[in-house]
Amino acid sequence: MRSWVLLSSALCCASAALSQSAIPLPSQTAQGDVSVTIYNDNLALVQDVRQLAIPAGRSHQEFRDVSAQIRPETVSLAAPDLGVVEQNFDFDLLSPSAMMEKAVGETVTLVRTNPANGAEVRERALVLAANEGVVVRIGDRIEVLRDDGLPVRVIFDKVPENLRARPTLSVTVQSDRGGTRPVRLTYLTPGLAWKADYVALFDETAGKMDVQGWITLTNNSGTAYTRAYTLLVAGRVAQAQSRYDRYAPPPPPPPPMREAGTQTAPRPRLADFYLYPLKERTTIADKQTKQVSFLDVSGTPAAKAYEYRVGWLATADQPQSADTILRFSTSRDQGLGDALPAGIVRVYMRDARGNAQFIGEHSIGHTPMGSRLGLKTGEAFDVKVRPVVEERTRLGDSRWRSRMRYTLSNATPRSVVVDLTQSGLWGDSRITDESQKSERLSADEALWHVTVPANGEAAVTATFDTRY
Amino acid sequence: MRPIASLLLLMAASQAAGQTSITSPRPDSVGVTVYRSPGSSDANEWNLDWLEGFALISERRTVAIPEGDSEIRFEGVAGGIIPESAIVSGLPDGVVEKNQDADLLSPGSLLGRYLGRRVQLQRTSKATGKVTQQEAIIRSGPDGAVVLQTKEGFEALRCTGINETLIYPEVPASLSDKPTLSVRTHSDRPASAVVTLSYLATGFDWRANYVATLRPDGRHVDLFAWVTLANGDPTSFRNASTNAVAGRLNTEDMRRRNPARATPLRLRCWPQSTTTSGLHTRNIGGFPDQSIAESLNRVAAPPPPMPERGGDDIVVTGVRMKAEQEELGDLKLYRIPEPVTVAARSQKQVAMIEQANVPVDLLYRSKMSGGDLYSTVLVVKAVNRRDLGLGLPLPAGGFALYEEWRGRALLVGEGSTGDKAVGEKVEVELSAPTNVNVELKTLERRKEIARLALTVANALPRPVVYEAELGSTEQRLSGFTGGKVVREDGKWIWRVSVPANSTRELRYETRQD
């Protein structure tokens, strides 16, 4: 068998091992100069430049320490004066049973230990079968391995070539010349992903906020990447979808962005993507979560606001808390001055003793520089709204008059403004009467800015003429 | 200084690739702020393995930072840590990167890290007790048992019937027994720094529980509230300054995403059936086989003690200490005034509110819609104002009403309340059996109009207030006789005082459109 001859390079063969006093140790990682480009959507491009000694003519090269989730169809190999004949990705992992099954028809050494005096007896045996139990031929005897329950060591001369400790890419190449040269291996792999995490420390009295942005990358690809030059790409990469998720609905637009910005962030870009290169080379271990800082802005203006949205014909038995909204901008002046990759913003405030306490979080989508953001951090304990349908009269076949009363209460010692939105005003709805002038945001929504006095109440009434 | 001394003793520094690794084994001081789960229902018993709230842990640690590049490993962080939420401050030159390795030290991970490395294979002879060691290289990972390469060739660990084991020279630096967060930093000179490490962790929760005892006059209660904290994490926090936050926070996915795990070691061998595999033999003199050992266990083990409320796992700290309330943005923070120990997998209760002689109104209420009647409940009403005996934020929680009877407290009913701000009306509906019976009868039906009779019968020896919610004002009701019906908050309400041992009746018409 030709393949047995090729064994020597990676797993040292038995005869060599027997003759040497020490066992040669494989190097810790077979990776060379690694670059990893990680996209948001659980996808990474790995480029690995290894120095390999390749003989002239046809030879077999092994690439250990590639991603365990490598997409073999995306592998490309480039080196001077080299062509690829074929490539295989071996998943068959080395284990005792796999080793025994592959040893059928081969000869192994058995070492029997005498249970009374510990004396060892060595014999050569031919493995006949490894089905349920192991049947061997020793000389002219046929035996079942360890049938008598006594200790028997089985020593294999070699490990079959395509059994690996870890998934390995093996490539047959044709080289025009012999010699060591850089071989560039590139492939796509899932299992590597990144997102942004933001820490915002909000100072309500000063109306300012300190923001730190962290890039969080996670490696579940089954392989560590040693001293990798790492580049993160923000933006969605169009991936060919498999048939079953083609009909998945598009994700809803991220609600926190109130106004999309039109400024260009001072970051390296490629096509429509922003690029975030890590300053230093880093080792990305398997099952590791790694965070690197990319944004640190202090004293950016930020303000707190209250919002409450009423659905059509909603009556609440109990007053409902208004949403607490943190408003800020990503613009160059009066803002964070950067584009924000998608992630979670965690908001903190200082308590009476000056310790930062968590007050809520909200996720954001990819946000261009110059955008206005309004993040819902939570619901206000002390600011509440109670919508009530006070009266509903049928005016005609498809015409209704509905009178709404919104009672707003404020238990804080400061006066607050609540942005009260009535939604669900479909079609040709009109507001015929209202206690305070509203702003029609769209055909569907009307907005009142309601001032609620400190430790007090305010009320808005409105009468709607609607089709439903 | 004890912290410094323990620091010098415990901080094992090891050189690896030009980078010093320092381990900070535990915090000097810690703060725990517990946030409740957004959607928890107070009716359910807590499951310490499945707490849906979370906590903000803030730790202060003293770290000796060497010159140059170093890695600082923070051991003893909560098992439910959300690593991307970690904030590290106080390092002289900031953080180069933060890492969390989800791999814990276990037989499997130890073997995995030694793949391709040299270990000692030790064998002990059963006959002579002689111990031999030889060098071996691990050739396969923990997923499919162990293949070893020795000078003689390739062998499988423990497929032989020989007593053999692997001896590793040391624990790899990146494996810890506990979940560990690490940061890489750089310093121009050696320095001692006080580092603050804050992070969110899942597996915590808290609850408010109100206990109201009705005074003999039937118009006042003594109100008492507990805050009950639960820590389902395997980590204990000693002498922690402890807070609970009330109010509703917006949270994204607060589930554990990359929990620390111990890689199991699976030792599988080649097929090992023999010519006698089908026979059941009893081992004599050796270990009894698994199933026998298990059945022995089952017989011998005493039954587990009955879980008891107020037992060892619930620590009642006593009324001498009361949580102090302060404002935190639009949330309410309850601070336990002294440091307490939040032990692993336990509950702790501290008094939160103690208000004597709060005026309340008790009334009976039933709701109906069209001709359907829903069950009658007892309602405790109060107004959360200082001049009316309250006037303090009331976080959402369970509510139990007790009444004294000959010196004993009897439970009248249980219910729950939402977050109530100062100035708000408070209403708790108690699911309690009542002696006030309500009946709704359809007397007559003509086309779309139904004529109904609502009867309320009071079997108690005292007068009661009864309130019926006849429906929303969108429903067209008319022809009321026997009582006065008002429109309130978009509902038709009939409110009546029913004298002791008597009945009242309301008749009205509804129109179905």
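The values are calculated or read from the model by the stated rules, or taken from the named source; none is laboratory data. Since this is a predicted model, take the numbers as computed values, not measurements. Reconstructed Cβ throughout: ideal geometry from the backbone, glycine too, with neighbour counts over all protein chains shown.
Residues B:Ala246, B:Ala240, B:Ala208: which one is within 14 Å of chain A (Cβ to nearest Cβ), surrounded by 21 or more Cβ atoms within 10 Å (Cβ to Cβ) and more than 30 Å from B:Phe74 (Cβ to Cβ)? Don't jump to the end; show me each part of the working.
Values: B:Ala246 fails: more than 30 Å from B:Phe74 (Cβ to Cβ); B:Ala240 fails: more than 30 Å from B:Phe74 (Cβ to Cβ).
Being within 14 Å of chain A (Cβ to nearest Cβ), surrounded by 21 or more Cβ atoms within 10 Å (Cβ to Cβ) and more than 30 Å from B:Phe74 (Cβ to Cβ) holds for just one of B:Ala246, B:Ala240, B:Ala208, which is B:Ala208.
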Residue count, the range A:59-102 (criterion: in a strand (DSSP E or B) and either of a type in the set (Asp, Glu) or within 31 Å of the chain's Cα centre (by Cα) (or both)): 11
Return yes or no: is B:Leu115 more than 30 Å from B:Ala344 (Cα to Cα) and over 27 Å from the mean Cα position of the chain (by Cα)? yes
Top-ranked residue of the range A:139-196 - restricted to ones that are under 19 Å from A:Lys102 (Cβ atoms) and more than 12 Å from chain B (Cβ to nearest Cβ), ranked as surrounded by the most Cβ atoms within 10 Å (Cβ to Cβ): A:Thr168
May I ask you to list the residues in the range B:476-510 that are more than 44 Å from the chain's Cα centre (by Cα) and part of a loop (DSSP other than H, G, I, E, B)? B:Gly482, B:Gly483, B:Lys484, B:Pro499, B:Ala500, B:Asn501, B:Ser502
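For the range A:320-334, name all the residues that are surrounded by 21 or more Cβ atoms within 10 Å (Cβ to Cβ) and either part of a loop (DSSP other than H, G, I, E, B) or at the interface with chain B (Cβ under 9 Å from one of its Cβ atoms) (or both). Let's see the steps before the verdict.
To start, the set of residues in the range A:320-334 that are surrounded by 21 or more Cβ atoms within 10 Å (Cβ to Cβ) comprises A:321-326, A:328-330.
If the condition is that a residue be surrounded by 21 or more Cβ atoms within 10 Å (Cβ to Cβ) and either part of a loop (DSSP other than H, G, I, E, B) or at the interface with chain B (Cβ under 9 Å from one of its Cβ atoms) (or both), then A:Ser321, A:Ala322, A:Asp323, A:Thr324, A:Thr330 are the ones that fit.
To keep it simple, each residue is scored yes or no on (1) in contact with an Asp or Glu (Cβ under 9 Å, 6 or more places away or on another chain); (2) surrounded by fewer than 17 Cβ atoms within 10 Å (Cβ to Cβ).
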position	(1), (2)
B:Phe480	yes, yes
B:Val486	no, yes
B:Gly490	yes, no
B:Ser497	no, yes
B:Thr503	no, yes
B:Tyr508	no, no
B:Arg511	yes, yes
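Per-residue answers, yes or no, for (1) among the hydrophobic types (A, V, I, L, M, F, W, C); (2) more than 14 Å from chain B (Cβ to nearest Cβ):
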position	(1), (2)
A:Leu52	yes, yes
A:Ile70	yes, yes
A:Val75	yes, yes
A:Pro80	no, yes
A:Ala103	yes, no
Can you pull out the residues in the range B:113-133 that are assigned to a strand (DSSP E or B) and either at the interface with chain A (Cβ under 7 Å from one of its Cβ atoms) or at pLDDT below 85 (or both)? B:Leu115, B:Arg118
The number of residues in the range B:73-85 that are modelled with pLDDT of 90 or more and more than 14 Å from chain A (Cβ to nearest Cβ) is 0
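Residues checked against (1) outside any strand (DSSP E or B); (2) not basic (Lys, Arg):
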position: A:Pro266; (1), (2): yes, yes
position: A:Tyr276; (1), (2): no, yes
position: A:Lys279; (1), (2): yes, no
position: A:Val292; (1), (2): no, yes
position: A:Asp296; (1), (2): no, yes
position: A:Gly299; (1), (2): no, yes
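Kindly indicate which of A:Thr367, A:Thr463, A:Thr412 is farther than 20 Å from B:Lys332 by Cβ and surrounded by fewer than 19 Cβ atoms within 10 Å (Cβ to Cβ).
Details: A:Thr367 fails: surrounded by fewer than 19 Cβ atoms within 10 Å (Cβ to Cβ); A:Thr412 fails: farther than 20 Å from B:Lys332 by Cβ.
Just one listed residue meets the conditions, A:Thr463.
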List the residue pairs whose Cβ atoms are under 9 Å apart, where the first residue sits in the range A:288-300 and is farther than 22 Å from A:Ala265 by Cα and within 13 Å of another protein chain (Cβ to nearest Cβ), the second is of a type in the set (Asp, Glu) and not in a strand (DSSP E or B), and the two are 6 or more positions apart or on different chains. A:Thr289/B:Glu84
Just to be sure before I move on: is A:Thr109 within 28 Å of the chain's Cα centre (by Cα) and surrounded by fewer than 18 Cβ atoms within 10 Å (Cβ to Cβ) in the structure I sent? no
Quick one: A:Lys376 ticks every box in (1) closer than 30 Å to B:Gly423 by Cβ; (2) touching a Lys or Arg at 6+ places or on another chain (Cβ under 8 Å); (3) surrounded by fewer than 24 Cβ atoms within 10 Å (Cβ to Cβ) bar one, so which box is it? (2)
Given (1) farther than 25 Å from B:Asp28 by Cβ; (2) touching a strand residue (DSSP E or B) at 6+ places or on another chain (Cβ under 7 Å); (3) in a loop (DSSP other than H, G, I, E, B), number of the condition B:Ala136 does not satisfy: (3)
Which residues, taken from the range A:329-387, are among the small types (Gly, Ala, Ser) and farther than 23 Å from A:Ile215 by Cβ? A:Ala352, A:Gly354, A:Gly374, A:Gly378, A:Ala380
Number of the condition not met by B:Gly76 [criteria: (1) part of a strand (DSSP E or B); (2) under 30 Å from B:Arg207 (Cα atoms)]: (1)
First in the range A:130-152 and closer than 13 Å to B:Thr274 by Cα, second anywhere and in a loop (DSSP other than H, G, I, E, B) and among the polar types (S, T, N, Q), Cβ under 6 Å, 6 or more apart: A:Glu132/B:Ser273; A:Gly133/B:Ser273; A:Gly133/B:Thr274; A:Val144/B:Thr274; A:Val144/B:Thr275; A:Asp147/B:Thr274; A:Asp147/B:Thr275
